[in-house]
Amino acid sequence: ICAGSSANVNFQVNASFHSGNIFTAELSDESGDFNAATAIGSISGITSGTIQAIIPSNAISGGNYRIRVVSSNPQVIGSDNGSDITINELKTFYADADGDGFTGGDGIIACVQPPGYSENSNDCNDPDPSINPQGTEVCDGVDNDCDGLIDEEILTTFYADVDGDGFGDVNTTV
């Protein structure tokens, strides 16, 4: 389950509850402890039902969470769900728009990596497959290898056309 996602918490009642009762779903901490439980959803009622809950977006990733339901009128603390719940943190994943094996762009937020996506955004020009971190730098005014430098280590010699005949003078470089 993802931090920030919704969850349906089904519960059964085995006692009588009074008018105005509120059932609240509580999430334990990442070690399964309810001493500082977090309320994740509630519903007003006196019979069994389903609570629409939201896992906190700031929940720490972990695999020992538990959920329980408590009531307000009368106050009853229900037992936990009986099995550990894993909460995964939200991450940003990036698509490879140009198919060069490197990703870039704005990305999507999810807790599980979708197919064709990566956690790394290292393609500085994802629409162009010739530009990526393993690209070859060429003299074109573009950062072809995504290192933040343009046309580095590319030397081009230009010869001045001092006499205006359309050809450079081999003895006059620019």
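With every protein chain present, what is the per residue accessible area of the chain (1.4 Å probe, Å²)? Can you show the working numbers first?
Details: 10570 Å² over 174 residues.
Accessible surface, normalised per residue, equals 61 Å².
When the accessible area of the chain is split by element with a 1.4 Å probe, what percent falls to carbon and sulfur?
Values: 5160 of 10570 Å².
On the chain, the fraction of accessible area on carbon and sulfur atoms equals 49 percent.
What percent does the relative contact order of the stretch 60-167 come to when contacts are Cα pairs within less than 8 Å and at least six residues apart? Before the final figure, lay out the partial values.
Values: 183 pairs, mean separation 16.7, N = 108.
Here the relative contact order equals 15 percent.
Take every DSSP beta bridge whose two residues both sit in the chain; close to 95 percent of them are antiparallel.
Applying both filters, DSSP loop and at most 12 other Cβ atoms within 10 Å, to the GluC sites (Glu not before Pro) of the stretch 77-174 gives GLU119, GLU152, GLU153. A straight chain from ASP140 to THR92 at 0.36 nm per residue would run longer than the Cα-Cα distance by 14.1 nm.
What FRET efficiency would be calculated for the residue pair ASN35, GLN75, taking the C-beta separation as r and a Förster radius of 22 Å, to the nearest 0.05?
Numbers: r = 17 Å, r/R0 = 0.76.
According to the calculation, E is roughly 0.85.
Karplus-based coupling profile of the stretch 124-135, in residue order and whole Hz: 6, 8, 4, x, 10, x, 7, 10, 6, x, 10, x, with θ = phi - 60° in 6.51 cos²θ - 1.76 cosθ + 1.60 and x standing for Gly or Pro. For TYR159 and SER5, the difference between the fully extended length at 0.36 nm per residue and the C-alpha to C-alpha distance is 49.0 nm.
Count charges around ASN81 for me, please; just the other residues with Cβ under 12 Å from its Cβ, Lys/Arg as +1, Asp/Glu as -1. Working shown, then result.
Values: positive: ARG66, ARG68; negative: GLU26, ASP80, ASP84.
The answer is -1.
Full extension from ASN64 to ILE46: what is 0.36 nm times the residue separation minus their Cα-Cα distance, to one decimal in nm? Present the calculation step by step, with values, prior to reporting the outcome.
Values: separation 18, 0.36 × 18 = 6.48 nm, distance 2.98 nm.
Full extension of this stretch gives 3.5 nm more.
The values are calculated or read from the model by the stated rules, or taken from the named source; none is laboratory data. Everything numeric in this text was worked out from a predicted model, so none of it was measured. All Cβ positions, glycine included, derive from the backbone under ideal geometry; neighbour counts span all protein chains shown. Ligands, DNA and RNA are excluded from the accessible area calculation, which covers all protein heavy atoms including side chains. Shrake-Rupley method; radii C 1.70, N 1.55, O 1.52, S 1.80 Å.
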